[in-house]
1. Given the rule -39500 (n - 2.57) for each run of at least 4 DSSP H residues, summed and divided by the residues of chain A, what is its mean residue ellipticity at 222 nm, to the nearest 500 deg cm²/dmol?
2. Have a look at A:38, A:30, A:70 and tell me which one the Gaussian network model of chain A (Cα, springs below 10 Å) gives the largest fluctuation.
3. Separation between the residue B:24 and residue B:73 pseudo-spin-labels, each 7 Å from Cα along Cα→Cβ, expressed in nm?
4. Kindly put A:32, A:62 in sequence by how many other C-beta atoms sit within 10 Å of each C-beta, fewest to most.
5. Roughly what would the spin-label model give for residue A:135 and residue A:61, points 7 Å off Cα along C-beta, in nm?
6. Please compute the length gained on full extension between residue A:121 and residue A:153, using 0.36 nm multiplied by the number of residues separating them and subtracting their Cα-Cα distance.
7. Can you give me the angle between helix A:15-31 and the longest principal axis of chain A, using Cα atoms only, in degrees from 0 to 90, rounded to the nearest 10?
8. Dividing the Cα radius of gyration by the Kirkwood radius, what Rg/Rh value follows for the protein assembly as shown?
């Protein structure tokens with residue numbers, strides 16, 4: 001499905017349709033912020049930018065080119081990152097950080113059934129405690145911080161993080177053995 | 001800080017949890033304790049984790065996507 005197909009429902013205020021659009025748009029918008037990763041918290045910028053996209057979506061007017069809302073999201077996210085640079089005075093803004101979003105070589109990433117099967121298989125092989133930590137993060141979806149998650153699992157924060165780290169490393173090893181490149185960034 | 005302590009900080013930054021913004025963006029507290037190169041590693045690790053999360057989710061949604069949708073729904077209430 002093309003991301004633009006979700007536009008009518010998003011404009012009508014359907015948050016679940018926005019979620020489906022986000023699932024396709026998130027990777028490329030995140031990638032567009034990579035050059036800011038040393039100086040701003042990209043996750044915070046990305047989430048705030050997407051909330052702003054949701055707020056302006058009812059007034060969105062297509063320019064006739066494909067993927068209009070995603071291109072707008074890239075522009076909003078990068079402008080917000082530049083604002084953060086100015087606010088925190090992390091370093092002067094360089095022209096490269098102000099590239100035209102239309103020229104960014106970013107593309108929506110389609111779900112891969114083989115990747116899904118491989119990740120699920122590797123997750124199923126995790127020992128119990130690392131799996132609890134990983135599953136807690138997944139189920140919570142950013143609603144609370146790791147300290148609260150650790151409390152819910154009856155762990156100290158450090159123990160929770162050590163288990164999460166172990167889960168991540170084991171997943172990376174397992175995916176690497178399956179020849180999946182995502183494991184390199186995880187490990 | 002030991003390399004192990006830095007790794008735990010990097011993993012803390014990879015969560016999708018961010019405090020709600022009021023007047024200005026709120027960063028993950030651990031992000032401020034990281035050197036620039038470790039922040040970049042946190043970015044790369046988060047990127048990989050989100051792909052993995054989307055692969056494990058029946059709707060293909062990462063924890064970032066679900067966090068944003070939940071915030072939108074909570075704001076609407």
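No value in this document is a laboratory result; all are computed from the given coordinates. Given the structure is predicted, the values throughout are model-derived calculations rather than measurements. As a convention, Cβ positions derive from the backbone with ideal geometry for all residues, glycine included, and neighbour counts pool all protein chains shown.
1. Calculated from helices alone, the mean residue ellipticity at 222 nm is -19500 deg cm²/dmol.
2. Largest GNM mean-square fluctuation: A:38.
3. Between residue B:24 and residue B:73, the simple spin-label model gives 3.3 nm.
4. In increasing order of surrounding Cβ atoms, one gets A:62, A:32.
5. Distance between the two pseudo-spin positions: 5.1 nm.
6. Details: separation 32, 0.36 × 32 = 11.52 nm, distance 2.36 nm.
Separation in residues times 0.36 nm, less the Cα-Cα distance, equals 9.2 nm.
7. Tilt of helix A:15-31: around 90 degrees.
8. Working: Rg = 17.9 Å, Rh = 18.9 Å.
That ratio equals 0.95.
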